[in-house]
Amino acid sequence: METLLFDAKNPGATDAVAEILKRGGLAAIPTETVYGLAANAFDGEACANIFKAKGRPGDNPLIVHICDMEMLSDVVSEVPEGARLLAEKFWPGPLTIIMKKSGKIPMVTSANLPTVAVRFPAHPVAREIIKKTGLPLAAPSANLSGSPSPTTFQHCVNDLMGRVDAIIDGGPCSVGVESTIISLAGERPVLLRPGYVTLEQLRETIGEVELSKAVLEKLGEGEKVLSPGMKYKHYAPKAAVSLVKGSSEKYVNFVNEHAGEGVYALCFDEEAPVLKTKTVTYGSEFSDAEQAEHIFEALRELDSLGATRVFAHSPKITGVGLAVYNRLVRAAGFDVIELD
Ligand code: TXA
Ligand code: MG
């Protein structure tokens, strides 16, 4: 298939992409978190094509993107009070809320679940495209299934050229990790995936929020997952990755002892100068937002450099750090080395 490439800065670009989507096509579009691979959420056939293009398992539901609260009432059957409070505070922005779905959402979009994940993105290009189509857009991250989420136009081109109808450049994503996902469809609110909107902020807004076990730990065989995406190996570079916990000093000593051919440190900016291995940095030790912004780019870079063994220094697990930790521990296949 021919993939048309657009730059959002050019006049007519978002109109052309909106037309492609209205006709049932697929387009990779920027959001503030990561790029998404969009299709009309009401069109079951178009959504089925998203799964094909990404090589995504059919039991992993898609997030539906809206551009105003009117569209929300079209995709869910009811809006719980908690969702109203969260929407007021965090929408538009990097928060996805799971609610009971309306009859208009096809089974394929929500992978046969009675619920739907809804997000109102803040990125001006995403909002413009949704508005111009006049449709809610289903969009998973625009990577091939299993590889790190794309945070630049080039990442989308690398993964999806020839597999989708269009890719539109809206610059690098400012948040860098996928949206926070909270479920309000069950008895109690549950955080399913940490992101830029933190657990602490959610609790301040609606009270007690449970942290899904799958955020920090590997689930055992047959354990129930609330968010199907959490059970798949994710974000993984080709190298064997270990996540190393401990102070900077201990981390540096440990990695220096393990230096060798193909060995890379995935470390904080401050640590690179004292490491004897090759390094890829993912932000300052003191800025969880910076770490989130760069983590996926760093994982892709390790692949392009040909790393075979990676020791990643674990971030703190508070605030946005919880999101960074969640992605890294999956990239490491839950292989954690404790130095303390
Ligand atoms: O920031 C983001 O959320 C990006 C941008 C493009 O918006 N999208 C994204 O989509 O990360 P994706 O498909 O890569 O991740 C969606 C996650 C999956 O883990 C999926 O299992 C979960 O959301 N999910 C979607 N609908 C769900 C539902 N009804 N119940 C439980 N989990 C759901
Ligand atoms: Mg994804």
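The values are calculated or read from the model by the stated rules, or taken from the named source; none is laboratory data. The structure presented is a predicted model; accordingly, all values stated were derived computationally and were not measured. Heads up, the Cβs are rebuilt from the backbone with ideal geometry, glycines too, and the neighbour counts pull from every protein chain shown. To get the accessible areas, we keep the full protein, side chains included, count just its heavy atoms, and leave off ligands, DNA and RNA. Shrake-Rupley method; radii C 1.70, N 1.55, O 1.52, S 1.80 Å.
A142 satisfies every condition listed in (1) among the small types (G, A, S); (2) closer than 23 Å to V76 by Cβ; (3) within 15 Å of the chain's Cα centre (by Cα) except (2). For region 9-20, the set of residues classified as of a type in the set (A, V, I, L, M, F, W, C) and open to solvent by less than 30 Å² (accessible area, probe 1.4 Å) consists of A13, V17, A18, I20, listed by residue number.
Quick check on G186: is it part of a loop (DSSP other than H, G, I, E, B) and touching a helix residue (DSSP H, G or I) at 6+ places or on another chain (Cβ under 8 Å)?
Values: part of a loop (DSSP other than H, G, I, E, B): yes; touching a helix residue (DSSP H, G or I) at 6+ places or on another chain (Cβ under 8 Å): no.
Against the criterion (part of a loop (DSSP other than H, G, I, E, B) and touching a helix residue (DSSP H, G or I) at 6+ places or on another chain (Cβ under 8 Å)), G186 does not qualify.
Considered as a group, the residues in region 235-280 that are in a helix (DSSP H, G or I) and hydroxyl-bearing (S, T, Y) include one that is most open to solvent (accessible area, probe 1.4 Å), and that residue is S248. For S304, the conditions (1) assigned to a loop (DSSP other than H, G, I, E, B); (2) open to solvent by 20 Å² or more (accessible area, probe 1.4 Å); (3) of a type in the set (G, A, S); (4) under 18 Å from P237 (Cα atoms) are fulfilled apart from (1). Put simply, of V34, V17, V64, V79 the only residue that is among the aliphatic types (A, V, I, L, M), in a loop (DSSP other than H, G, I, E, B) and under 23 Å from the mean Cα position of the chain (by Cα) is V34.
Restricting A122, A83 to those that are small (G, A, S) and buried (at least 21 other Cβ atoms within 10 Å of the Cβ) reduces the list to A83. Here P61, P80, P94 are screened, and the one residue that is touching a helix residue (DSSP H, G or I) at 6+ places or on another chain (Cβ under 7 Å) and within 27 Å of T198 (Cα to Cα) is P61. Inclusion of A185 among residues that are among the hydrophobic types (A, V, I, L, M, F, W, C) and open to solvent by less than 30 Å² (accessible area, probe 1.4 Å) is warranted. Condition check: at pLDDT below 95, under 26 Å from P150 (Cα atoms) and away from ligand 2 (no atom under 16 Å from the Cβ). Does E223 satisfy that? Answer is no for this residue.
The residues on offer are A111, A142, and the sole one that is within 15 Å of ligand 2 (Cβ to nearest atom) and either surrounded by fewer than 24 Cβ atoms within 10 Å (Cβ to Cβ) or without any contact (Cβ under 8 Å) to a residue 40 or more places away in the chain (or both) is A111. When you check Y251 against the structure, is it among the aromatic types (F, W, Y) and more than 20 Å from N143 (Cβ to Cβ), yes or no? Yes. The condition of being at pLDDT 95 or above, open to solvent by less than 40 Å² (accessible area, probe 1.4 Å) and farther than 23 Å from G170 by Cα holds for only one of G44, G93, that being G44.
Here's the yes/no breakdown for (1) away from ligand 2 (no atom under 16 Å from the Cβ); (2) at pLDDT below 95; (3) in contact with a Gly (Cβ under 8 Å, 6 or more places away or on another chain):
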{"site": "V125", "(1), (2), (3)": "yes, no, yes"}
{"site": "L135", "(1), (2), (3)": "yes, no, no"}
{"site": "A166", "(1), (2), (3)": "yes, no, yes"}
{"site": "P172", "(1), (2), (3)": "yes, no, no"}
{"site": "S179", "(1), (2), (3)": "no, no, yes"}
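The set of residues from region 21-41 being within 10 Å of ligand 1 (Cβ to nearest atom) and either open to solvent by 10 Å² or more (accessible area, probe 1.4 Å) or among the aliphatic types (A, V, I, L, M) (or both) comprises A28, I29, E32, V34, L37, A38.
For region 281-294, a tally of residues being touching a Pro at 6+ places or on another chain (Cβ under 8 Å) and open to solvent by less than 10 Å² (accessible area, probe 1.4 Å) returns 1. The residues of region 206-234 that are open to solvent by 50 Å² or more (accessible area, probe 1.4 Å), without any contact (Cβ under 8 Å) to a residue 60 or more places away in the chain and not in a strand (DSSP E or B), listed by number, are E208, K213, E221, G222, E223, K224, L226, K231.
Would you mind stating whether V197 is crowded, with 20+ Cβ neighbours inside 10 Å and under 18 Å from D303 (Cα atoms)?
Numbers: crowded, with 20+ Cβ neighbours inside 10 Å: yes; under 18 Å from D303 (Cα atoms): no.
Considered against the rule, which asks whether it is crowded, with 20+ Cβ neighbours inside 10 Å and under 18 Å from D303 (Cα atoms), V197 comes out as no.
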